[in-house]
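J.: Take this structure first; my questions come after.
The values are calculated or read from the model by the stated rules, or taken from the named source; none is laboratory data. Here the structure is a predicted model, which means the values were calculated and not measured. Note: ideal-geometry Cβ built from the backbone for every residue, glycine included; neighbour counts use all protein chains shown. Quick note on the areas: whole protein, heavy atoms, side chains included, nothing else; ligands and nucleic acids left out. Shrake-Rupley method; radii C 1.70, N 1.55, O 1.52, S 1.80 Å.
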Amino acid sequence: MYPAATTGFKNRRRRWHLTGQVQGVGFRPFIYRLAQRYELAGYVRNDNRGVTVEAQGSVAQLKRFSRALDEERPPLAFIDHITVDNLPPLNEPGPLRFSIIDSDETPPGSAQDITRVGVTIDAAVCDACLRELFDSKDRCFRYALTNCTDCGPRYTIIDRVPYDRPNTTMRHFALCDDCRAEYTDPADRRYHAQPIACHDCGPTLGLVDPKGAPLPGDPIASAAKLLEAGGVVAVKGLGGFHLAVRADDEAAVSRLRQSKQRDGKPFALMCRSVEAAKCLVHLSASAQALFSSPASPIVLAPRRQDINVAASVAPDNHRLGVMPAYTPIHHLLFAELDPAIDALVMTSANPSGEPLTIDNREALERLAELCDAMLWHDRPIRRRVDDSVVLDAGTPHPLPLRRARGFVPTSIPLPVGGVAHGLCVGGELKNTLALVRDRRAIQSQHLGDLSYTPVFDHFRETIDDLLALFDVNPKWIAHDLHPMYLGTVYARQLADRLGVPLIGVQHHHAHAASVMAEHNEAGPVLAVVCDGVGYGDDGTSWGGELLLADLISYKRLAHLRPIELIGGDAASTDTRHCGLALLRQAYGEDFAKHPAVAQLIQDEHERQVFTAVLERGLNCTTTTSLGRYFDGVAALLGLSTHNSYEAQAAMRLESAAFACDTPLVEGPLFQFITGETGVIDLSPLIRALVEGKADGQPVEQLAALFHDQTAWALACLVEESVKQTGIGIAALSGGVFCNERLTRSLTDRLSGDGLRVLVHRTVPANDGGLALGQAAVAAVRYETGHNRKAGV
């Protein structure tokens, strides 16, 4: 029954317009129920810019309604902007009622809205749907694609806004009478849940062999039996297919690793429950909360001892990546599995270097050689979205490593600017995009390495997709300064086609700006930016930098002492090149005679060639990259001589240091070289590590020493710059700060000295955060007329 408000002189009428994550999250029925509670008249409706509410009642009623609107919103909803207008009350005869108006209906006298709608995240299955899933008396019993306004697909099924069923991939599934009754009942949990479906009217689940032929029996039960027997099953989820095997079956995991051509990179585990995950890893309270949240990311956490997980799941790593079962399909699968199987490997179903597989026909073409069966459904997936990854660092905010499912496309407010529409193309590795409109950055899901042709094609498709979805007409395009990055090349072509200006943003300035934007900080800050590679102003490779930065410009205050690398980019794969460069820096021109060189490069001919090339400076590149220092130290300590995946050597070095949890108390093993631009010289530390290894010191202690001394050196550099500049804010960014020990040690030192320290908590410190930094810089430069790179 609709509430009725009597007309009268004391009545007031107000209009609220709300933007943020307010569509597809049960917001309209929430408003409807509040209006019933407070006996208000009016309406609520979606539009292509958010939600509009008009309500009429007494001043006291409207005040209580407004307070509840803010304090009791649905679990997936958040509001980033509200405008409130007073309107003349309607004085029509009879009672006024409150109603939910369809999105395409425009009530008389409605004003134009002001901000584009926020598209909603995909959310893990909620507790209420789970209860129904296993309730034999419920009509959703064992329906593998059940959902409601609090959970299920959103971003992965929407074609365009407003978020209504005809604008999603569910438009081809006509509602049955029971689903329509729930869909149209404002008091029901599934009111206007656009993906609503059931056994009678919705998408169906099937199990097929690699050629697409249906397999007999119940799809879930048959898939479970295959997994129990050591088979590989491709499982279609929210944003694409996974490849699943038993986590405790070494032969099955090794077979998957070989077929996927994934040499050593760790696999993620999907766990039956949070309790099962806690039996495998140590989860902090903040990580456990995020693990169990609607986002349900992969959480990297320290592994427990003596667990029943195959060695090849995460070789030479002290962490495991765990995530919960987050769709009804996953929960049904675990319910059918032997209770002793508490975890499955769940890795993205794609050949190495290619985008995620999302389409059933595509799965037959790409996955037939990788699996024994495919557990799929016929609900179309509109866009590819990987699992998100966070690092449990024991901090209030786990560190984001990959931002995708459960977090995108949530927008991020920019500290300054952002009125003019813009496009940011990000970096070359771990690419993401960002759109700018309405003073916010909308960052895309993780796309990958653009050097792979299928990923680059996906990158271009995603640009077109997101520009259309969010109605962005870019007035400028931002890019990295590296002239050969594919994203930079494409940005030039696109800017030419659209007739808009290009704004180049230096790689490490973008890193600094990304963490500043997260904290709504315009600067200036002292930014410590450390990563593997970034194109510097002087044409060399940077990566161990101290910048004085704001959102318009920056000044390079100091950097690591440069090293010369044989073969340039080849050193990121063959870490012996990095180790050799460090030995030359530490021991000077006679480095080739040092015993450590023979230990590092054991083949005599290869050793002679490498040392001769390095001595003559042939085919060498100069870099200040701390990432390459990590690679070199890992090689010198005998932990890793080759990276089969990005940062493998650095991860092994961190894992070794993890075994030594007490910081080593030593004097400083570094020195500073003063000048117009300062230099940190870690040569004393490198000599100490080489000599310590020769003396038989445990590698774990030496790895810890490198971490702690490097953090100490960076902290001293910042502290000295504080004295010179008077700036009390430090910002840490770049892929090296995905390292928990280094990040925590440096943060503790700086905050202990009274500095405000900005670390990442929304976007990754690695290149996955570059697009946000480009957005923060380019938005200000465009609107202020500045397009300079240095000179804070």
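J.: Would it be correct to say that PRO396 is surrounded by fewer than 23 Cβ atoms within 10 Å (Cβ to Cβ) and over 19 Å from ALA434 (Cβ atoms)?
T.: For PRO396, the condition - surrounded by fewer than 23 Cβ atoms within 10 Å (Cβ to Cβ) and over 19 Å from ALA434 (Cβ atoms) - is met.
J.: Residue check, GLY353 against (1) in contact with a Leu (Cβ under 8 Å, 6 or more places away or on another chain); (2) at positive phi, all met but one. Which one?
T.: (1)
J.: Which one is nearest to PHE737 (Cα to Cα), of the residues in the stretch 471-486 that are of a type in the set (A, V, I, L, M, F, W, C), in contact with a Leu (Cβ under 6 Å, 6 or more places away or on another chain) and open to solvent by less than 50 Å² (accessible area, probe 1.4 Å)?
T.: Among those residues, the one meeting the criterion is ILE477.
J.: Would you point out which residue out of PRO89, PRO108 is touching a Lys or Arg at 6+ places or on another chain (Cβ under 6 Å), at pLDDT below 90, assigned to a loop (DSSP other than H, G, I, E, B) and surrounded by fewer than 22 Cβ atoms within 10 Å (Cβ to Cβ)?
T.: Only one candidate qualifies: PRO89.
J.: Turning to a different aspect of this structure: Any idea which of ALA522, ALA510, ALA468 is crowded, with 24+ Cβ neighbours inside 10 Å and either out of contact with any Cys (no Cβ under 7 Å at 6 or more places or on another chain) or at pLDDT 95 or above (or both)?
T.: After applying the criteria, what remains is ALA510.
J.: Further, regarding this structure: Restricting attention to strands (runs of 3 or more DSSP E) lying wholly within the stretch 205-291, give those where 3 or more residues are buried (at least 22 other Cβ atoms within 10 Å of the Cβ).
T.: Details: elements: 205-208, 233-236, 241-246, 268-271.
Ranges flagged: 233-236, 241-246, 268-271.
J.: Being open to solvent by 50 Å² or more (accessible area, probe 1.4 Å), within 23 Å of ALA197 (Cβ to Cβ) and in contact with a Gly (Cβ under 9 Å, 6 or more places away or on another chain) is true for just one of ARG361, ARG379. Which residue is that?
T.: ARG361
J.: Just the residues that are surrounded by fewer than 21 Cβ atoms within 10 Å (Cβ to Cβ), touching a residue at least 60 places away in the same chain (Cβ under 8 Å) and in a loop (DSSP other than H, G, I, E, B), please, taken from the stretch 716-754.
T.: ILE727 - this is the single residue of the stretch 716-754 that is surrounded by fewer than 21 Cβ atoms within 10 Å (Cβ to Cβ), touching a residue at least 60 places away in the same chain (Cβ under 8 Å) and in a loop (DSSP other than H, G, I, E, B).
J.: I've got another one for you. Just to be sure I understand, how many residues within the stretch 553-562 are of a type in the set (A, V, I, L, M) and open to solvent by 10 Å² or more (accessible area, probe 1.4 Å)? Show your work before the answer.
T.: We begin by selecting, within the stretch 553-562, every residue of a type in the set (A, V, I, L, M); these are 557-558, 560.
The next check asks that each one be open to solvent by 10 Å² or more (accessible area, probe 1.4 Å); those that pass are 557.
Going through the stretch 553-562 one residue at a time, the tally reaches 1.
J.: Inspect all residues belonging to the stretch 563-585 and state whether any of them is polar (S, T, N, Q) and open to solvent by less than 10 Å² (accessible area, probe 1.4 Å).
T.: Looking through the stretch 563-585, at least one residue is polar (S, T, N, Q) and open to solvent by less than 10 Å² (accessible area, probe 1.4 Å).
J.: Does any residue in the stretch 135-161 that is over 23 Å from SER293 (Cα atoms) and assigned to a loop (DSSP other than H, G, I, E, B) come within less than 8 Å, Cβ to Cβ, of a residue that is open to solvent by less than 40 Å² (accessible area, probe 1.4 Å) and among the β-branched types (Val, Ile, Thr) six or more places away or on a different chain, and which pairs are these?
T.: These pairs meet every condition: ASP159/THR168; ASP159/THR169; VAL161/VAL117; VAL161/VAL119.
J.: Same structure again: How many of the residues making up the stretch 768-786 are open to solvent by 20 Å² or more (accessible area, probe 1.4 Å) and either touching a residue at least 24 places away in the same chain (Cβ under 8 Å) or touching a Ser or Thr at 6+ places or on another chain (Cβ under 8 Å) (or both)? Break it down into steps so the answer makes sense when it comes.
T.: Initially, the stretch 768-786 is screened for residues open to solvent by 20 Å² or more (accessible area, probe 1.4 Å), giving 782-786.
Those still in the list that are either touching a residue at least 24 places away in the same chain (Cβ under 8 Å) or touching a Ser or Thr at 6+ places or on another chain (Cβ under 8 Å) (or both) too: 782-784, 786.
So the count comes out to 4.
J.: So, one more: Among (1) of a type in the set (Ser, Thr, Tyr); (2) within 27 Å of LEU300 (Cβ to Cβ); (3) at pLDDT 95 or above, which single condition is SER259 missing?
T.: Only one criterion in (1) of a type in the set (Ser, Thr, Tyr); (2) within 27 Å of LEU300 (Cβ to Cβ); (3) at pLDDT 95 or above is unmet by SER259, namely (3).
J.: While we're looking at this one, here's another question. Are any of the residues in the stretch 554-570 within 23 Å of LYS430 (Cα to Cα) and within 25 Å of the chain's Cα centre (by Cα)?
T.: Within the stretch 554-570 (the criterion being within 23 Å of LYS430 (Cα to Cα) and within 25 Å of the chain's Cα centre (by Cα)), the answer is no, since none of the residues qualifies.
J.: Looking for whichever is among the hydrophobic types (A, V, I, L, M, F, W, C), open to solvent by less than 20 Å² (accessible area, probe 1.4 Å) and more than 23 Å from ASP387 (Cα to Cα) here; the options are VAL533, VAL455, VAL489, VAL505. Which one fits?
T.: Among VAL533, VAL455, VAL489, VAL505, only VAL505 is among the hydrophobic types (A, V, I, L, M, F, W, C), open to solvent by less than 20 Å² (accessible area, probe 1.4 Å) and more than 23 Å from ASP387 (Cα to Cα).
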